Amino acid sequence: MMSDVSARRSGALAALVGLSLLGGCVDVPHPFRHDGAGAQPPTARLAVPVSTASGTDEAGAQAWQHAMVEAMLAQSVPAMGQPVKPGDWWLKMTTTAQGDTVIPTYAVMTPKGEERGHMSGAAVPAAQWQATDGQAETRSAQEVAPGVAELLTGIQAAQMQKDPNSLKNRPAHVYFAGVQGAPGDGDHALARAFTAAFPDAHEDLRHAATGADYTVRCTVVLNDAVTTTSTTPQQHIVLTWKVLDAQGTEAGAATQIHDIAAHSLDSRWGDVAVAAADEAAGAVRQIITRYSGRENAPLAADGTLPAPGSAPAPAPAASASPAAPAQP
């Protein structure tokens, strides 16, 4: 988009979306947040206590707990193998005997001890489940972990749907902190173009960081050290649009990279700024959507995931009157 200072879009936009804590996962489950006024908020974790299911010996139960924690961490869920503490969301692991097999069951429990979501693993021959090597428990944990993560994502979405202040029910308030480092009039031109391109039905721009859900800032780096086959002098330019949440944690970044004719942007950016800002605006919206989970489907009231291949039921329309925030 920038090589001939035209209005063409760069093909080098990379949206790096994710949680620094959660290793790049884009559907981030946060059902353990507690919104109750005056209550002590719990640590953001999913407790996984040792199962007391019948037919599972102590060694098997320990192996099951360890495997489940590792499998959930691999799904970017901050799980901890420990007894349930006040305020914890937790995973209850039980078994059901069915003939000569054992069916492991996984239930997501609220801090009040109420089941909010559940799923069953594949049936395992009883002899394998009761073996001392813990391999059956480990396989089951690894197989169901993605589904448990989906349950958590759906729980978060259901809570957001009930909360009139969540981003499912209102636009995101975004503070744009401007552009730094661009040559010529780039700082001003990019900022003006982004301010014009970004707001839509799902985002609005605020004039101050106070009260904003997200802050966006752009830095531009120009490098003369370019390896190129071009016969004309080139420069390497990198625009990084960083998105921070209200706590200052990086929600993601969109990076535009290109080689340009040397000094072609030393004065006016013109349509190049418009094209770059329009592309960046779309990437920033995607970062906010994925980080917030505002488009995730709420978990059904029966606490089960839809069958594979089935279309999820449409979410009910938001009420015009304020609804009470979800209480775990």
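Here are the numbers for this structure:
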item	result
Residue that is open to solvent by less than 70 Å² (accessible area, probe 1.4 Å), within 26 Å of Pro298 (Cα to Cα) and at pLDDT 95 or above, where the choices are Met109, Met80	Met109
Single condition Tyr214 does not satisfy, out of (1) hydroxyl-bearing (Ser, Thr, Tyr); (2) in contact with a strand residue (DSSP E or B) (Cβ under 8 Å, 6 or more places away or on another chain); (3) open to solvent by 60 Å² or more (accessible area, probe 1.4 Å)	(3)
Qualifying residue in region 28-45 (condition: out of contact with any Gly (no Cβ under 9 Å at 6 or more places or on another chain), over 30 Å from Ala246 (Cα atoms) and modelled with pLDDT under 95)	no
Residue match in region 139-152 (condition: of a type in the set (S, T, N, Q) and modelled with pLDDT under 95)	no
Considering residues of region 295-323 that are at pLDDT 70 or above and in contact with a helix residue (DSSP H, G or I) (Cβ under 7 Å, 6 or more places away or on another chain) only, the residue most open to solvent (accessible area, probe 1.4 Å)	Glu295
Residue check, Leu205 of a type in the set (A, V, I, L, M, F, W, C), touching a helix residue (DSSP H, G or I) at 6+ places or on another chain (Cβ under 9 Å), open to solvent by 40 Å² or more (accessible area, probe 1.4 Å) and over 19 Å from Arg290 (Cβ atoms)	yes
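Yes/no matrix, rows are residues, columns are (1) at pLDDT below 95; (2) within 17 Å of Thr289 (Cβ to Cβ); (3) open to solvent by 50 Å² or more (accessible area, probe 1.4 Å); (4) part of a loop (DSSP other than H, G, I, E, B):
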site	(1), (2), (3), (4)
Phe176	no, no, no, no
His188	no, no, yes, no
Ala191	no, no, no, no
Leu222	yes, no, yes, no
Thr227	yes, no, yes, yes
Thr232	yes, no, yes, yes
Lys242	no, yes, yes, no
Ile257	yes, no, yes, no
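Yes/no per residue for (1) open to solvent by less than 40 Å² (accessible area, probe 1.4 Å); (2) basic (Lys, Arg); (3) in a loop (DSSP other than H, G, I, E, B):
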{"position": "Ser264", "(1), (2), (3)": "yes, no, yes"}
{"position": "Ser267", "(1), (2), (3)": "no, no, yes"}
{"position": "Val274", "(1), (2), (3)": "no, no, no"}
{"position": "Glu279", "(1), (2), (3)": "yes, no, no"}
{"position": "Val284", "(1), (2), (3)": "yes, no, no"}
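The values are calculated or read from the model by the stated rules, or taken from the named source; none is laboratory data. Treat the numbers as computed from the prediction; the structure is a model and nothing was measured. Because the Cβ atoms are built from the backbone with ideal geometry, glycine has one as well, and the counts that use them run over all protein chains shown. Quick note on the areas: whole protein, heavy atoms, side chains included, nothing else; ligands and nucleic acids left out. Shrake-Rupley method; radii C 1.70, N 1.55, O 1.52, S 1.80 Å.
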